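So the structure is just underneath, and the comments pick up after that.
Bear in mind that the values in this text are calculations on the coordinates, not laboratory data. Bear in mind the structure is a predicted one, so any value in this text is a computation, not a measurement. Cβ coordinates were reconstructed from backbone atoms using ideal geometry, including for glycine residues, and neighbour counts include every protein chain displayed.
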Amino acid sequence: MWNFFNLPLLVMWLVIAEALTPQERDAVVEFHTKLRERVQPPASSMQLMSYSNDLERLSEEWISHCAYELPDEEVDTKYVGTGMFLTVQSADGFNFISKLQAYGSEAKEYHYANNTCDSLCADYKMMVWSKTTEVGCAVQLCSSSLLPYIRSYLIACLYKPGIPRVTERPYEKGRSCSKCPDGFECYRKQCRLSSSEK
């Protein structure tokens, strides 16, 4: 499908990388922690996620060419076992965390009982995949030399491990933390490595 990110190669992209601040990285973790602790029905073994600078670097690398497409694990093996959230937003009024929250609101479209969505909810299911333990995000400002007044942000968050198939339920329901692995404790309805194990 054609989109304006796939303009002919004659068009030069003007790329401005924007590193996430420590506050934005903390906000990414807090967003996911809050989203995952509020799943309904509750999850029996939801893992607590942490921020990964390695995944951030991989996300930056992926979106550095301003191509709106997901990684092909068979071509680029660095992305094997990961999942990527990828979206674009106009530079006008851009707010990175608000964009994540908009996709997190897909929760209301998802029905755990029959594992269906009223509309789109694949991104939400990726965000609450119970086995994911790491996330890293990147933001790239892109504009075209052909249409320099069109400036948009490409946003990518890489999850590890990623949900193998978005057709699966993203977690197993049950009393919160009732199936945490040995050596883990319950924190905000999620499993984290016990302080005595660190």
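Remark: the Cα gyration tensor places the range 37-96 in the oblate category, a/c being 1.5 or greater and a/b not exceeding b/c. On a 24 Å Cα-Cα criterion, which of the cross-link pairs K131/K173; K34/K99; K78/K179 come out too long? Distance filter (> 24 Å) returns K78/K179. Model label points for S90 and A19, set 7 angstrom from Cα along the Cα-to-Cβ axis, are 3.1 nm apart.
Given axes a ≥ b ≥ c from the Cα gyration tensor, I'd like to know whether the range 96-136 is rounded (a/c under 1.5), prolate (a/b larger than b/c) or oblate. The shape class here is oblate. S178 sits among other residues whose Cβ lies under 12 Å from its own Cβ, and their net charge, with Lys and Arg +1 and Asp and Glu -1, is +3. Model label sites at S105 and L120, defined 7 Å from Cα along the beta-carbon direction, differ in position by 1.4 nm.
Taking a straight Cα-Cα cut-off under 12 Å and skipping sequence neighbours fewer than 8 places away in the same chain, the aspartates and glutamates within cross-link reach of K108 are D118.
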